[in-house]
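Here the structure comes first, spelled out in structure tokens, and everything after it is commentary.
What follows is calculated from the coordinates using simple rules that are stated; it is not laboratory data. Because the structure is predicted, anything quoted here is derived from the model rather than measured. Note that we place each Cβ from the backbone using ideal geometry, even for glycine, and neighbour counts take in every protein chain shown.
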Amino acid sequence: MGFAAHDVPFAMRLRFWATKGIGAPGKSLKFDVAGHEVTLSASEDRDLELSGWYFLEAFGFTSAQEAQNFGHRLALRLQIASVREGFGVDTGHDNPGLQFSDETKALSAKKGAILRDNVHGVDVFPDLPGTGWLEFKATGRIAAQADRMIADVQRLTDSDQIPQPMLDALRIWNEAYISGEPASKAALAIAAVEMLAQKEEWSAEQKQVVEKLRSAVDDEDNLAEGEREELKAAIQRIYKIGVIEGVRRILRSLGQDALIKSWVELYKGRSRLLHGLAYVDRPTQVALVQPALAISGRIILLSLSQYVPGAADDLDRILPIPA
């Protein structure tokens with residue numbers, strides 16, 4: 001258990017899981033983010049390269065709200081850096097992963113320790129001497145590039161204007177990367193882009209054409225009633241723009257027309273996998289993963305760059321499209 005001992009009123013601790021260790025020597029790294037010194041460390045006081053659980057801590061906040069806002073902005077930057085550098089993080093939902101009874105906390109207090117629940121996500125607390133956490137042991141992971149990850153976290157700016165579907169897509173992409181099964185990796189990565197496509201709608205002119213189709217079905221005398229209902233149900237389904245069309249529109253708006261063919265082929269592969277259109281063996285599932293992560297990651301970062309300048313920098317290096 002490690003204890004904080006600082007003279008400032010509030011502090012924050014972001015506890016997150018990463019699929020790779022942090023490729024840096026030692027047990028901690030310190031760097032500046034938006035004027036606050038942030039310390040990155042691993043669970044169980046282990047070397048950074050050997051742990052899947054990590055903490056980002058910062059001190060010197062004048063209120064709990066300020067500390068919480070900083071923690072959530074830090075989590076957002078970390079998720080974007082994860083897409084950019086390919087290491088996959090789970091920043092949690094600010095819920096305790098390990099809770100202690102009031103009796104246990106009271107016993108610790110008698111020994112001079114303030115024992116806190118182990119929150120997966122952002123934990124904000126008065127920065128009092130003796131504050132600490134208990135940790136489970138963690139397992140080793142392949143190391144990610146620490147310098148590039150930290151550079152991304154430092155330079156990316158904050159925005160309160162990012163639409164919720166975009167934030168959800170960012171989180172889903174990270175969940176895809178963390179997933180151990182190729183089928184779920186590919187499906188979740190594609191689902192992240194589906195989240196973005198939900199906001200797309202037909203134009204007024206396109207809606208008028210759909211209405212004409214409905215009227216034509218109503219006016220057609222040669223249809224049996226069952227046939228009429230089948231056609232009306234089919235027309236009702238196209239009132240909402242499809243995912244392929246919605247993503248095609250997003251790609252055009254982002255100047256990524258060259259990706260449309262790759263996206264369509266990827267989505268067809270996803271449909272074969274999830275809808276039982278044909279048996280998809282494991283090697284084929286594995287082959288879907290890299291294109292799914294790369295294409296979806298590019299779309300998410302390009303969409304985010306409208307709100308977070310630099311989010312899509314150097315895309316061909318960080319997310320190359322497989323040939």
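The packing ranking, built from the mean of other Cβ atoms within 10 Å per residue, places the peptides 152-160, 185-193, 243-251 in the order 185-193, 243-251, 152-160, highest first.
In this structure, Leu277 and Ser253 have a Cβ-Cβ separation that, at R0 = 30 Å, corresponds to a calculated FRET efficiency of about 0.50.
Near Leu56, once Lys and Arg are set to +1 and Asp and Glu to -1 for all other residues with Cβ below 9 Å from its Cβ, the sum equals +1. Based on the Cβ-Cβ distance of His93 and Arg317, what FRET efficiency does E = 1/(1 + (r/R0)^6) give at R0 = 56 Å, to the nearest 0.05? So the FRET efficiency works out to roughly 0.95. Taking θ as phi - 60° and the Karplus parameters 6.51, -1.76 and 1.60, the scalar couplings of region 14-19 work out to 9, 9, 9, 10, 10, 6 Hz in sequence order, x denoting glycine and proline. Ordering of 298-304, 36-42 by packing is 298-304, 36-42, highest average first (other Cβ atoms within 10 Å, averaged per residue). Among Lys261, Lys20, Lys268, the ranking by other beta carbons within 10 Å of each residue's beta carbon, starting with the fewest, stands as Lys261, Lys268, Lys20.
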